[in-house]
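Have a look at the structure below, then the notes.
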Amino acid sequence: MKLEWTEPALSDLECMRDYIKCDSEYYANLFVERIIDAVERLINFPELGRRVPEAEKENIRELLFQLPNYLSR
């Protein structure tokens, strides 16, 4: 299976990292690592996650992701 990150997805990931980094660089990096790890699991398990009903292609998947707990100041 081939995994492709779209430019908007990478941009969104960077924006989320920058937002969390304002409070904690550690949790910002942890967040990005967990997202990337979860998405890369799709390479070995391409049917992991939920099929996106509004997507035209059946191979587009949606993964739910829980943020690490951290306190914002």
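Looking at VAL39, is it closer than 15 Å to MET1 by Cα and at pLDDT 85 or above?
Yes; evaluated as a whole, the condition is true for this residue.
Kindly establish whether ARG41 is surrounded by 11 or more Cβ atoms within 10 Å (Cβ to Cβ), under 19 Å from ARG61 (Cα atoms) and of a type outside the set (Val, Ile, Thr).
The answer is yes for ARG41.
Which of the numbered conditions does LEU64 fail, given that it passes all the others? Conditions: (1) in a loop (DSSP other than H, G, I, E, B); (2) touching a helix residue (DSSP H, G or I) at 6+ places or on another chain (Cβ under 6 Å).
The failed condition is (2).
Listed here are the residues, each with its yes/no results for (1) of a type in the set (S, T, N, Q); (2) surrounded by fewer than 13 Cβ atoms within 10 Å (Cβ to Cβ); (3) at pLDDT below 90.
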site: GLU14; (1), (2), (3): no, yes, no
site: ARG17; (1), (2), (3): no, no, no
site: ALA28; (1), (2), (3): no, no, no
site: LEU48; (1), (2), (3): no, no, yes
site: GLN66; (1), (2), (3): yes, yes, yes
site: LEU71; (1), (2), (3): no, yes, yes
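Here's a check for you: in region 50-64, which residue that is of a type in the set (Lys, Arg) and surrounded by 12 or more Cβ atoms within 10 Å (Cβ to Cβ) is modelled with the lowest pLDDT?
The qualifying residue modelled with the lowest pLDDT is ARG61.
The values are calculated or read from the model by the stated rules, or taken from the named source; none is laboratory data. Quick caveat: nothing in here was measured; it's all calculated off a predicted structure. As a convention, Cβ positions derive from the backbone with ideal geometry for all residues, glycine included, and neighbour counts pool all protein chains shown.
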